[in-house]
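Scroll down for the structure; my scribbles are underneath it.
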Amino acid sequence: MTKERSSFTNQLGFVLAAAGSAVGLGNIWRFPYLAAKYGGGIFLLVYIILAVTFGFALMITEIAIGRKTGLSAIEAYKALDKRFAFVGILGTIVPVIIFPYYCVIGGWVVKYFVAYLAGQGAMAAGGDYFSGFIAQAGSPVLWLAIFMVLTSLVVMCGVQKGVEKASRIMMPVLVVLAVVIVIFVLTMPGAWEGVKYYITPSFSDFSVTTVLAAMGQLFYSMSLAMGIMITYGSYMKKEDNLEKSVGQIEIFDTGIALLAGLMIVPAVFVFSGGDKEALSAGPGLMFITLPKVFDTMPFGHFVGGIFFLLVLFAALTSAISLMETIVSILQDKLHWNRITTCLVVLVGGFLIGLLSALGYSVWDNVKILGMQMLDFFDFISNSVLMPIVALFTSIFVGWILKTKVISDEVKISSKFHREKLFHVVIRYIAPVFLIAILVSSVLSAFGWIKI
Ligand code: PHE
């Protein structure tokens, strides 16, 4: 007997849940520093162009595959063409790798939020606060557990009452918090210099790597090539407008990334007296530099608290989508009930998460390709598996299945305005670009080229 599949209540519910997945740590922490590093305005321009072409084509493909088959990744590819079931399997490995370490970082965020709530903003700005924290064995594991349990509680409640409801509450609040912080930052003296630096295109910083970096970021940011959008598409109603939804998700995702840049770049700029190096601090930016910035701002500890709440919401809705995708795949395959499946994923995810959570303390000498466990998981999923999955997806849809199948699905609910663009991107442009990303990221991991 087949049970009827769960669904989101309506188009808005779908868009908010998908945007909840897309808007995450990538938008708030990674996007601003990439923009600062790769030429400011020129990076923004390249990113936006890629988002409305490449990102659009891949996202609409995945959501349409999900809605058409009503299945999550593995079963969906199998249903379309048995020979391509392996794409679904590869795509499923990605969230399984990302979920545990994403929750480790989510745990760090909860820890910082609680620290600001407890009035420890000045402590968080201390030089060794972050390194001291992750070098402990117990504390990061505890925060990982807290973040994972929070995520699981939402997923256990199901698609409508859990995933959708959480997104309906958290996403609008997130937008308001982002706007509040931006206004706050922009009223600081000297902030406009930072804004200028953020949006002025610097052509001398432009190169092929700008495009590759923007493209890599795009994938991650839009939660593509990991089965998430297929799963969410499978919960979308046939009468909801697919093309319009994708447009709205893109606007949401890119809008929050741009806002994050507007809060972080000028704030760090003022703090460091215009020193651009401070922005390229990479991962340390959010947990080391920003607390110092907040510490010097008027009402900074309050702003810091709001900021980490914003990041927490962004991280939670993304982690929820990762877990929902894994749960949905297991349920489609094994027909377990939701609670049991969630508990299994929670325990399994926690155990794998330990590898990353303890990677800076007990296991800090364990390295693969010279990378810490967390960095290695990040590299293998984002730089290797995701481009491979996207490459096979575009070859499969463009040349084997044919783009008409996707177009027909889109047209069930509306006209397909960007059909031509979608066709050309999936069939010709995406495969070439994806091979370029894949080759360059692998070469740079082995230190043969520098990105
Ligand atoms: N899209 C999320 C972000 O920008 C990241 C993410 C990746 C979320 C994978 C879920 C799955 O941070």
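What does the charge count around Ser356 come to, taking other residues whose C-beta lies under 11 Å from its C-beta (Lys +1, Arg +1, Asp -1, Glu -1)? All intermediate terms of the calculation are to be shown ahead of the outcome.
On the way: positive: none; negative: Asp375, Asp378.
In short, -2.
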Would you mind computing Rg(Cα) / (2.2 N^0.38 Å) for the range 43-105, counting N as its residues? 1.38
Using R₀ = 25 Å, calculate the FRET efficiency as 1/(1 + (r/R₀)^6) where r is the Cβ-Cβ separation of Val173 and Ser202; round to 0.05. 0.10
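Would you list Ser356, Ser361 from fewest to most Cβ contacts within 10 Å? Show your work: numbers first, answer last.
On the way: Ser356 25, Ser361 15.
Going from least to most buried by this count: Ser361, Ser356.
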Starting from the Cα of Lys276, draw a straight line to each of the lysines and keep only those under 19 Å, dropping any in the same chain fewer than 8 residues away. Lys37, Lys196, Lys292
Please give the peptides 186-197, 76-87 ranked by average Cβ packing (other Cβ atoms within 10 Å per residue), highest first, as a rough proxy for protection. 76-87, 186-197
If you add up the charges near Asn27, with Lys and Arg at +1 and Asp and Glu at -1, over every other residue whose beta carbon is less than 14 angstrom from its beta carbon, what do you get? -1
Sort 27-39, 312-324, 332-344 by the packing proxy (mean of other Cβ within 10 Å over each peptide's residues), most packed first. 312-324, 27-39, 332-344
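At a threshold of 8 angstrom on Cα-Cα distance, excluding pairs fewer than six apart, so keeping six or more, what relative contact order does the chain reach in percent?
Numbers: 698 pairs, mean separation 150.3, N = 451.
The normalised contact order for the chain reaches 33 percent.
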Taking Lys111 as the anchor, which aspartates and glutamates have their alpha carbon closer than 18 Å to its alpha carbon, excluding any fewer than eight residues away along the same chain? Asp128, Asp295
Where a Cα-Cα gap under 21 Å defines reach, which lysines qualify for Lys237, not counting those fewer than 8 residues away within the same chain? Lys3, Lys68, Lys161, Lys165, Lys404, Lys411, Lys415
Can you give the extra length, in nm with one decimal, that the chain gains between Lys82 and Lys237 once fully stretched, where that is 0.36 nm per residue apart less the Cα-Cα distance? 53.3 nm
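FYI, it's all coordinate maths here, none of it is from the lab. Since this is a predicted model, take the numbers as computed values, not measurements. Here Cβ is always computed from backbone atoms with ideal geometry, including for glycine, and neighbour counts include all displayed protein chains.
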